[in-house]
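K.L.:
Here's a structure for you.
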Amino acid sequence: MEKIIDYIEDSLAGIPDDGTLYRYKRKILNEMDERADEITHAGLKDEQVLADLLCDEYGDLKAGFRKFAEEERLKKRARSRRKAILIGTPLYVLLLTAIYLGVSFLIGHWAQTWLIMVGGIFLLILFLSGIGVKKLCGMRRLFHPIARILVAIDVMLVAVFVFLFCLMLFDPPHIWVVIIAGVIALLIADAIFAAVTHQKLAIINYLLYVPAGAALLYVILGGVHAVPWSPGWMIVLLGVLADILIVVGVMINNSRYIYKQEVEDVWNEG
């Protein structure tokens, strides 16, 4: 045991200790103790040979310490972030409420100033949701559908707030366009998410979203009289045509990949 302790001390000599080094030494010593018990139960009784074997198994303690220190740093940052959220969230809500009440009493337009509260709460939800999406994307693919749902909720929250803002302050005609545009933005955001995170069968999303987005765009343009309903329906037809082009492009790309793989196989066999 003394040889193992000396080995740990000598291997990690010269590294400044802020508490992390001590925890790492205790971790390594405990692991080596458990490993020594396993080897001893397996039949090895010579302590000198046992110590040499353990020192060989844990050959690069400095590299292990760097990895351990980085993990500790990330854990500390995560704890600090959680603490900041737990403390900051109620403070933010209190500040938001104070701003809402202050502005409302100052200008007296309570029928419009409630948008301050709604917008602030939506902003808080977007912030917390963004943290959740980032964390879920770093986990297994099993959690990616949850991240995609959060992204969709974020997009629609923005669309709803824009709708309410425009409705309460300006009340323009065809305000319903904002909600449909939000759905189009949702489809685009989900397609981008699928591409960035390399989702399996993402091509199916594109094939569904392109004609759906084209149909929604047709409704918007027709509803605001930007284009006549007929022949405006050709926008939907263009969406279907875009799907066909996507399928053809994927088939060409796959055939090239298969041909390249066959050539490599023949070359390797030769």
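K.L.:
What are the pairs with Cβ atoms under 7 angstrom where one residue, in the stretch 25-36, is open to solvent by less than 80 Å² (accessible area, probe 1.4 Å) and the other, located anywhere, is hydroxyl-bearing (Ser, Thr, Tyr) and outside any helix (DSSP H, G or I)? Sequence gap at least six, or different chains.
P.N.:
Matching pairs, first to second residue: Ile28/Tyr58; Met32/Tyr58.
K.L.:
Can you give me the number of residues within the stretch 172-192 that are under 17 Å from the mean Cα position of the chain (by Cα) and open to solvent by 50 Å² or more (accessible area, probe 1.4 Å)?
P.N.:
Residues of the stretch 172-192 that are under 17 Å from the mean Cα position of the chain (by Cα), as a first pass: 186, 188-192.
When the remaining residues are screened for being open to solvent by 50 Å² or more (accessible area, probe 1.4 Å), the result is 188, 192.
Counting residues in the stretch 172-192 that are under 17 Å from the mean Cα position of the chain (by Cα) and open to solvent by 50 Å² or more (accessible area, probe 1.4 Å) gives 2.
K.L.:
Checking the structure you have, find out if any residue of the stretch 69-85 is part of a helix (DSSP H, G or I), among the aliphatic types (A, V, I, L, M), within 30 Å of Phe122 (Cβ to Cβ) and modelled with pLDDT of 90 or more.
P.N.:
yes
K.L.:
Looking at (1) within 18 Å of Phe68 (Cβ to Cβ); (2) in contact with a helix residue (DSSP H, G or I) (Cβ under 7 Å, 6 or more places away or on another chain); (3) open to solvent by less than 40 Å² (accessible area, probe 1.4 Å), find the lone condition where Leu50 falls short.
P.N.:
(1)
K.L.:
Among (1) closer than 18 Å to Ile192 by Cα; (2) among the hydrophobic types (A, V, I, L, M, F, W, C); (3) open to solvent by 60 Å² or more (accessible area, probe 1.4 Å), which single condition is Ala152 missing?
P.N.:
(3)
K.L.:
Oh, and also: Failed condition for Arg256, given (1) at pLDDT 85 or above; (2) under 37 Å from the mean Cα position of the chain (by Cα), with all others met?
P.N.:
Looking at each condition in turn, Arg256 falls short on (1).
K.L.:
So, one more: Quick one: which of Val250, Val158 is in contact (Cβ under 8 Å) with a residue 40 or more places away in the chain, assigned to a helix (DSSP H, G or I) and either out of contact with any Ser or Thr (no Cβ under 7 Å at 6 or more places or on another chain) or open to solvent by less than 40 Å² (accessible area, probe 1.4 Å) (or both)?
P.N.:
Values: Val158 fails: in contact (Cβ under 8 Å) with a residue 40 or more places away in the chain.
Only one candidate passes the filter, namely Val250.
K.L.:
Here's a follow-up. Can you name the residue in the stretch 221-236 that is within 19 Å of Val210 (Cα to Cα) and in contact (Cβ under 8 Å) with a residue 12 or more places away in the chain and is also most open to solvent (accessible area, probe 1.4 Å) among such residues?
P.N.:
My answer is Trp233.
K.L.:
Any idea which of (1) open to solvent by 70 Å² or more (accessible area, probe 1.4 Å); (2) at pLDDT below 85; (3) among the hydrophobic types (A, V, I, L, M, F, W, C) is the one Leu94 doesn't satisfy?
P.N.:
Just one mismatch for Leu94, condition (2).
The values are calculated or read from the model by the stated rules, or taken from the named source; none is laboratory data. Being a predicted model, the structure only gives us computed values, none of them experimental. When we count neighbours, we look across all protein chains shown, and the Cβ atoms used for this are built from the backbone with ideal geometry, even at glycine. The area values use the complete protein model at the heavy-atom level, side chains included, leaving out ligands, DNA and RNA. Shrake-Rupley method; radii C 1.70, N 1.55, O 1.52, S 1.80 Å.
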